[in-house]
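Peer 1: I'd like to ask you about the structure that follows.
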Amino acid sequence: MLDELEEALPALRAHRRSDLPPVDWALIEREVGCAFPADFVALATYYPPFVLDDFLSVHIPEAGRERNFVSGIRRMTSTLTSLRDEGMSHGYVPFPESGGLVPWGDSCDGDDFYWKTGGDGPDEWTVVVAGRNDDWYEFRGSLVQYLAGLVKGTVAPDGLPPDFPVDNPTVEID
């Protein structure tokens with residue numbers, strides 16, 4: 001499941017750990033109100049939160065800090081609710097509304113990254129990019145597919161700087 005991303009992003013592979021304590025997914029799911037995609041759960045099993053190319057922060061829960069992860073989701077969801085209430089969310093709505101967005105990352109430029117809920121469960125969710133310039137794009141695939149595609153150049157950086165990411169992007173632990 002993570003092979004495609006690790007192959008595309010060797011700098012990430014250098015941070016892979018098999019000794020991370022298990023995340024309390026039951027707590028997170030209870031607090032947020034949903035399960036999470038299997039590729040994301042796998043990512044959290046082996047990797048801590050990280051920043052791709054000094055730009056895109058991937059928010060990953062850590063054992064013992066699950067409530068911090070939930071707080072971050074609530075903060076970003078509150079911002080999305082404000083955008084929706086002001087008519088600036090391009091029809092996207094926050095979770096738990098039907099088809100609502102659940103945040104998974106942000107950028108140093110003010111871009112936000114979400115899953116769009118729906119389908120037959122979390123593994124059917126798509127990725128939504130809310131660019132800082134009011135550009136909204138949807139990628140029909142998983143978070144891991146999206147990140148791998150960005151790095152390989154097979155997914156356009158819609159809503160993001162056109163030169164992101166650079167060749168051989170860096171990965172920093174957040």
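The values are calculated or read from the model by the stated rules, or taken from the named source; none is laboratory data. Quantities reported herein were computed from a predicted structural model and do not represent experimental measurements. Neighbour counts run over all protein chains shown; Cβ positions are idealised from the backbone, glycine included.
Peer 1: When segment 100-117 is examined, which residues are found to be over 16 Å from Val32 (Cβ atoms) and over 11 Å from the mean Cα position of the chain (by Cα)?
Peer 2: Cys108, Asp109, Gly110, Asp111
Peer 1: What number goes with the only condition from (1) over 21 Å from Ala44 (Cβ atoms); (2) over 17 Å from the mean Cα position of the chain (by Cα) that Gly64 does not pass?
Peer 2: Against the list (1) over 21 Å from Ala44 (Cβ atoms); (2) over 17 Å from the mean Cα position of the chain (by Cα), Gly64 comes up short only on (1).
Peer 1: For residues that are in contact with a helix residue (DSSP H, G or I) (Cβ under 7 Å, 6 or more places away or on another chain) and basic (Lys, Arg), tally how many sit in segment 86-143.
Peer 2: Result for segment 86-143: 0.
Peer 1: For Asp163, state whether it is more than 25 Å from Ala38 (Cβ to Cβ), in a loop (DSSP other than H, G, I, E, B) and either acidic (Asp, Glu) or at pLDDT below 95 (or both).
Peer 2: yes
Peer 1: Could you tell me whether any residue of segment 161-171 is surrounded by 13 or more Cβ atoms within 10 Å (Cβ to Cβ), of a type in the set (Ser, Thr, Tyr) and out of contact with any helix residue (DSSP H, G or I) (no Cβ under 8 Å at 6 or more places or on another chain)?
Peer 2: no
Results for (1) under 25 Å from Asp24 (Cβ atoms); (2) in a helix (DSSP H, G or I); (3) touching a residue at least 60 places away in the same chain (Cβ under 8 Å), shown as yes or no for each residue.
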residue	(1), (2), (3)
Asn68	yes, yes, no
Arg75	yes, yes, no
Ser78	yes, yes, no
Ser98	no, no, no
Pro103	yes, no, no
Asp109	no, no, no
Arg132	no, no, no
Val151	no, yes, yes
Pro169	no, no, yes
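Peer 1: Might you check whether a residue that is surrounded by fewer than 19 Cβ atoms within 10 Å (Cβ to Cβ), at pLDDT 95 or above and in a helix (DSSP H, G or I) occurs anywhere in segment 84-92?
Peer 2: yes
Peer 1: Can you name every residue in segment 30-57 that is under 21 Å from Arg74 (Cβ atoms) and of a type in the set (Gly, Ala, Ser)?
Peer 2: Of everything in segment 30-57, those that are under 21 Å from Arg74 (Cβ atoms) and of a type in the set (Gly, Ala, Ser) turn out to be Gly33, Ala35, Ala44, Ser57.
Peer 1: Of the residues Ser107, Ser142, only one is buried (at least 17 other Cβ atoms within 10 Å of the Cβ), under 17 Å from Met1 (Cβ atoms) and either at pLDDT below 95 or small (Gly, Ala, Ser) (or both); which?
Peer 2: On inspection, the qualifying residue turns out to be Ser142.
Peer 1: Does segment 21-39 contain any residue that is surrounded by 14 or more Cβ atoms within 10 Å (Cβ to Cβ) and modelled with pLDDT under 95?
Peer 2: Checking segment 21-39: not a single residue is surrounded by 14 or more Cβ atoms within 10 Å (Cβ to Cβ) and modelled with pLDDT under 95.
Peer 1: Of all residues in segment 4-20 being modelled with pLDDT of 95 or more and among the acidic types (Asp, Glu), which is farthest from Gly121 (Cα to Cα)?
Peer 2: Glu7
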